[in-house]
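This report concerns only the one structure given below.
The values are calculated or read from the model by the stated rules, or taken from the named source; none is laboratory data. Everything quoted here is computed from the prediction, not taken from an experiment. Cβ placement follows ideal geometry from the backbone for every residue including glycine, while neighbour counts extend to all protein chains displayed. Remember, those area values only see protein heavy atoms, side chains included, never the ligands or the DNA or RNA. Shrake-Rupley method; radii C 1.70, N 1.55, O 1.52, S 1.80 Å.
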Amino acid sequence: MRVTRWILLSSLGLAACGGGGEAPLSGGTGGSADDTPGGILADLVVEALTASPAVVEAGGSLSVQDSVRNLGNTAAGASELAIYLSTDESLDDEDVMLGTRSVPALAPGAASSAQGELSVPATTPAGSYYLIAFADAEFDVVEGGELNNLRVAATTIAVEPGELPNLRPTQISFSPASLDAGQSLSVSEAVRNEGEGPAGTFQVGVYLSLDATITPSDRLLGLRSVASLAAGALSFGDDDLLVPANTPEGIYWVGVLADVGGTQAEQNEFDNVLVASGQVSVLRPPRPDLVAQAVSFGETAIDAGQPLIVANEVKNQGAVDAGAFRVGIYISQDSTITTDDVLLGERTVSSLAVGATSTAQGAYPVPADIGAGTRYVGLVVDHLAAVLEQDETNNVLLAAGTVEVSIPPLPDLRPAALSVSPSILQVGESVTVVERVINEGTAPAASFRVGVYLSTNPVIATTDVLLGSRVVDGLATGGSSEVQSEYALPVGVSAGSWYVGVIVDDLRELAELQEGDNSLLSPTLIDVTAAPDPHPDLVVETISTPAQRVLSGGSLQVLSTVRNEGDLSSTSFQVGIYLSTDATITTEDILIGQRTVFSLGVGFGSAQSFPYTIPTDVPLGFYRLGAIADVGQVIVELDEDNNARAASGQVEVYVPPPPAPDLSVTTLAVDLTTVVAGGDLSIDDVVRNGGELASGSTRVAFYLSTDEEIDATDTLLGVRTVAGLAVEAESSGSTTVSLPTSLAAGTYWLGAIVDDLDTVSESDEENNVKRLTESLEVQ
């Protein structure tokens with residue numbers, strides 16, 4: 001962004017122009033294009049600028065109206081208008097840009113007016129601001145006067161503090177405690193918005209760190225995106241995160257960071273991190289290490305469709321033998337070779353011993369759809385990532401030199417139409433296929449084959465079942481070939497639903513301008529059946545959720561799978577997702593959402609993972625999650641009594657408790673050198689408030705017990721007063737207590753209970769006790 005510092009005319013004692021008391025920002029006397037030689041240039045000015053309301057919260061919106069006019073003698077091309085907030089009547093790089101709009105080309109004297117809503121950033125400090133509009137903000141238009149493009153609104157805008165979110169991780173746990181680099185770590189975490197305002201979209205990151213201080217520079221395991229989070233709401237994450245194979249062996253802390261990248265302005269920017277208790281041990285067992293040793297090619301220029309001869313060599317420089325993997329040859333528009341580039345071909349290496357190399361040379365046709373121009377060639381070892389390696393960063397090698405690709409006249413064959421009938425047939429019957437092929441290329445096509453295939457999935461490939469084929473002797477540019485053929489079902493085609501597709505030039509005999517448009521899938525399935533009266537049979541195969549609790553009004557991630565176990569394809573139906581107070585799911589239960597399955601072949605399944613919103617009027621409590629297939633009963637089925645299923649376990653719908661203190665005794669130490677009846681003990685303790693609210697004054701009490709369970713029924717030895725504690729604050733003290741003179745000799749346990757009289761209401765009342773690990777032997 002280019003912003004020149006401009007001076008307001010009024011500050012120079014010049015009269016402001018325009019109605020409503022607005023002032024133009026200028027360095028001239030009116031900015032007319034006639035001030036320039038010949039007076040033949042455009043001249044854009046902001047002739048009007050207003051905004052409402054006059055008082056707005058940070059994070060709120062302003063309604064801005066503006067008008068831009070061309071005062072010059074020639075047309076102005078399209079330009080951009082920018083709107084700013086400024087603490088003074090001049091514009092510089094420190095001011096806040098609220099937004100921009102496109103201004104169309106303007107004839108001499110013409111104007112463009114607009115009204116729009118612009119957001120005031122939540123980070124904008126409270127105060128009084130001037131609203132400034134900048135015409136031709138990107139300097140796209142050559143003007144006769146460049147010093148009259150700014151205008152300040154007549155009235156200032158008061159920005160007040162807004163309600164900000166405050167994102168704080170509240171929990172993180174992981175398993176296992178030890179794993180190999182390259183394996184996955186299961187991490188559960190939660191983030192709460194403890195602020196007063198909602199949070200927009202932000203990301204939550206999970207990191208590995210060699211110390212207990214988690215920062216964005218640590219090793220990132222994964223990110224999840226949170227679309228929004230209302231004040232007081234929680235967002236849960238439960239993911240299996242891959243620990244990269246090149247992670248150094250060691251002991252790591254696991255931590256979560258809310259609002260990675262700092263996209264949200266918050267009340268507190270220093271509580272976004274939480275570290276899990278315990279550490280994870282990452283091991284590096286011996287592994288292969290496949291490295292690209294050499295890659296080369298001879299041609300410096302080639303026509304698309306012709307083979308490029310590429311030689312390559314790979315080596316296993318790791319500590320153990322490598323299993324089977326593939327080597328990919330890629331062609332790229334730049335010198336950075338990745339698997340996103342165009343794959344020319346690949347070769348398979350069945351295994352590679354430690355220290356061994358594998359060398360090969362192959363001819364790889366250059367596809368025309370990469371376009372003409374200078375191209376780079378490279379090698380990617382194990383490009384399908386089949387082998388877990390010691391180092392995954394040394395698998396790529398760029399060949400020396402470049403190759404100039406030319407595109408000669410070539411055909412481009414494409415299937416234009418495909419229909420199949422009938423849709424239901426018995427084993428051994430014939431199917432009628434009508435298909436049309438066209439040549440959209442720049443050259444006629446020589447002879448080629450058209451294959452018709454049966455597939456169990458919607459991706460048609462030459463590895464599917466060949467139903468039949470025909471040979472087209474040739475096809476002129478712009479020509480087409482259409483036939484109707486009868487194909488008997490091949491022996492061995494089992495009963496069930498099948499996709500039908502056509503592949504033009506399925507034997508890859510011709511070079512084409514586009515190689516990726518040679519297949520077409522029929523819009524309808526065919527059902528092969530032996531049943532005299534076939535019908536679908538829809539069942540809920542699985543229904544589950546990773547969550548055990550969900551906020552009222554929050555989202556519940558639900559995974560559901562529906563399968564057709566009948567002998568006929570199903571047309572469109574809906575799956576209902578329910579909450580039930582028992583394990584019997586019916587349409588009388590609480591419907592939280594539906595999804596549509598548009599069709600389902602015999603034996604086919606439809607799976608979905610989707611966040612369903614829990615209505616706020618759902619009573620709090622525990623529920624069974626369930627699903628019903630064909631909830632509207634629109635499908636006539638073989639069995640109408642197997643459409644429902646309940647998930648295992650229960651889900652709690654809850655409202656988070658209000659913020660509260662959480663007191664615990666984190667340290668308890670006693671000098672046990674001399675322990676006698678009637679003697680004194682010096683007890684050191686630390687009490688911490690780990691809750692979300694400051695606590696009032698309370699006490700920590702010290703008890704002596706004849707068993708390992710410390711409670712308020714044991715013998716009270718003494719107390720220490722604990723003053724009110726802020727969140728995360730601690731109170732430490734040393735207390736001298738006397739053992740009762742009547743205490744019998746024997747074994748005892750000493751413990752401390754903070755807030756033993758229950759004077760403080762806490763978020764967790766079960767963590768107030770701490771016991772010494774050592775027993776006391778009283779003489």
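Yes or no: E652 charged (D, E, K, R) and touching an Asp or Glu at 6+ places or on another chain (Cβ under 7 Å)? The answer is no for E652. Considering region 106-164, the qualifying strands (runs of 3 or more DSSP E), each wholly inside and each with 1 or more residues that are among the hydroxyl-bearing types (S, T, Y), run over 111-119, 127-134. In summary, strands (runs of 3 or more DSSP E) completely within region 626-701 and bearing 2 or more residues that are at pLDDT 90 or above and over 30 Å from V540 (Cα atoms) occur at 663-670, 680-689.
When residues in region 168-194 are screened for being closer than 13 Å to R224 by Cβ and open to solvent by less than 10 Å² (accessible area, probe 1.4 Å), 5 of them pass. Out of contact with any Cys (no Cβ under 7 Å at 6 or more places or on another chain), free of Cβ contacts under 8 Å to residues at least 12 places away in the same chain, more than 15 Å from A158 (Cα to Cα) and not aromatic (F, W, Y): is that true of E94 in this structure? When the stated conditions are applied, E94 passes them. Contact map, region 50-77: residues that are among the charged types (D, E, K, R) paired with residues that are in a strand (DSSP E or B), Cβ distance under 6 Å, separation 6+ or inter-chain. Pairs shown: E57/E160; D66/L49; D66/A133; R69/V45; R69/E47; R69/A111.
Against the numbered list (1) within 26 Å of Q306 (Cα to Cα); (2) open to solvent by 40 Å² or more (accessible area, probe 1.4 Å); (3) among the small types (G, A, S), G492 comes up short only at (1).
Rundown of residues vs (1) in contact (Cβ under 8 Å) with a residue 24 or more places away in the chain; (2) more than 25 Å from the chain's Cα centre (by Cα); (3) open to solvent by less than 40 Å² (accessible area, probe 1.4 Å), yes/no style:
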| site | (1), (2), (3) |
| --- | --- |
| S544 | yes, no, no |
| S555 | yes, no, no |
| T561 | yes, no, yes |
| I577 | yes, no, yes |
| L591 | no, yes, no |
| T616 | yes, yes, no |
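The rows are residues; the columns are (1) crowded, with 20+ Cβ neighbours inside 10 Å; (2) hydroxyl-bearing (S, T, Y); (3) free of Cβ contacts under 8 Å to residues at least 24 places away in the same chain.
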{"residue": "N312", "(1), (2), (3)": "yes, no, no"}
{"residue": "T338", "(1), (2), (3)": "no, yes, no"}
{"residue": "A353", "(1), (2), (3)": "no, no, no"}
{"residue": "A363", "(1), (2), (3)": "no, no, no"}
{"residue": "V366", "(1), (2), (3)": "yes, no, no"}
{"residue": "D369", "(1), (2), (3)": "no, no, no"}
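Of the residues in region 83-95, none is exposed (fewer than 15 other Cβ atoms within 10 Å of the Cβ) and within 19 Å of S63 (Cβ to Cβ).
Out of D136, D140, one residue alone is surrounded by 15 or more Cβ atoms within 10 Å (Cβ to Cβ) and in contact (Cβ under 8 Å) with a residue 24 or more places away in the chain. It is D136. Remark: pairs (first residue in region 513-529, hydroxyl-bearing (S, T, Y); second residue surrounded by 20 or more Cβ atoms within 10 Å (Cβ to Cβ) and at pLDDT below 90; Cβ separation under 6 Å; 6+ apart in sequence or on different chains) are absent.
Screening T736, T713 for residues that are in contact with a Leu (Cβ under 8 Å, 6 or more places away or on another chain) and hydroxyl-bearing (S, T, Y) leaves exactly one candidate, T736. Considering only residues in region 273-293 that are more than 30 Å from the chain's Cα centre (by Cα) and surrounded by 15 or more Cβ atoms within 10 Å (Cβ to Cβ), the one that is nearest to N394 (Cα to Cα) turns out to be V291.
When the residues of region 195-218 are filtered to those that are in a strand (DSSP E or B) and either surrounded by 17 or more Cβ atoms within 10 Å (Cβ to Cβ) or at positive phi (or both), the one that is modelled with the lowest pLDDT is A199. For region 404-413, the set of residues classified as in contact with a strand residue (DSSP E or B) (Cβ under 8 Å, 6 or more places away or on another chain) and either surrounded by fewer than 19 Cβ atoms within 10 Å (Cβ to Cβ) or modelled with pLDDT under 95 (or both) consists of E404, S406, I407, P408, listed by residue number.
The single condition from (1) farther than 29 Å from T339 by Cα; (2) exposed (fewer than 14 other Cβ atoms within 10 Å of the Cβ); (3) modelled with pLDDT of 95 or more; (4) charged (D, E, K, R) that E429 fails is (3).
For region 473-497, taking the residues that are in a loop (DSSP other than H, G, I, E, B) and over 47 Å from the mean Cα position of the chain (by Cα), the one that is farthest from G566 (Cα to Cα) is identified as A476. Is it the case that some residue within region 255-263 is under 30 Å from D321 (Cα atoms) and of a type outside the set (K, R)? Within region 255-263 (the criterion being under 30 Å from D321 (Cα atoms) and of a type outside the set (K, R)), the answer is no, since none of the residues qualifies. Taking region 593-614 as the range and being open to solvent by less than 60 Å² (accessible area, probe 1.4 Å) and part of a loop (DSSP other than H, G, I, E, B) as the test, the residues that pass are G601, V602, G603, F604, I614.
Listed here are the residues, each with its yes/no results for (1) open to solvent by 40 Å² or more (accessible area, probe 1.4 Å); (2) in a loop (DSSP other than H, G, I, E, B); (3) at pLDDT 95 or above.
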| site | (1), (2), (3) |
| --- | --- |
| L467 | no, no, yes |
| V471 | yes, no, yes |
| D506 | no, yes, yes |
| E512 | no, yes, no |
| L520 | yes, no, yes |
| D533 | yes, yes, no |
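Of all residues in region 727-771, which are exposed (fewer than 11 other Cβ atoms within 10 Å of the Cβ) and either touching a strand residue (DSSP E or B) at 6+ places or on another chain (Cβ under 6 Å) or of a type in the set (S, T, Y) (or both)? Passing the criteria: S734, T736, T741, S742, A745, T747.
Looking only at residues of region 432-451 that are without any contact (Cβ under 8 Å) to a residue 60 or more places away in the chain and open to solvent by less than 60 Å² (accessible area, probe 1.4 Å), we find that the one that is nearest to L467 (Cα to Cα) is G451. Answer yes or no as to whether A107 is loosely packed, with under 14 Cβ neighbours inside 10 Å, within 30 Å of I40 (Cβ to Cβ) and hydrophobic (A, V, I, L, M, F, W, C). The answer is yes for A107.
The strands (runs of 3 or more DSSP E) found wholly in region 13-69 and carrying at least 1 residues that are on the phi < 0 side of the Ramachandran plot and at pLDDT 50 or above occupy 44-52, 55-57. Mind checking whether some residue in region 170-181 is in contact (Cβ under 8 Å) with a residue 12 or more places away in the chain, among the β-branched types (V, I, T) and under 30 Å from S90 (Cβ atoms)? Scanning region 170-181 turns up no residue that is in contact (Cβ under 8 Å) with a residue 12 or more places away in the chain, among the β-branched types (V, I, T) and under 30 Å from S90 (Cβ atoms).
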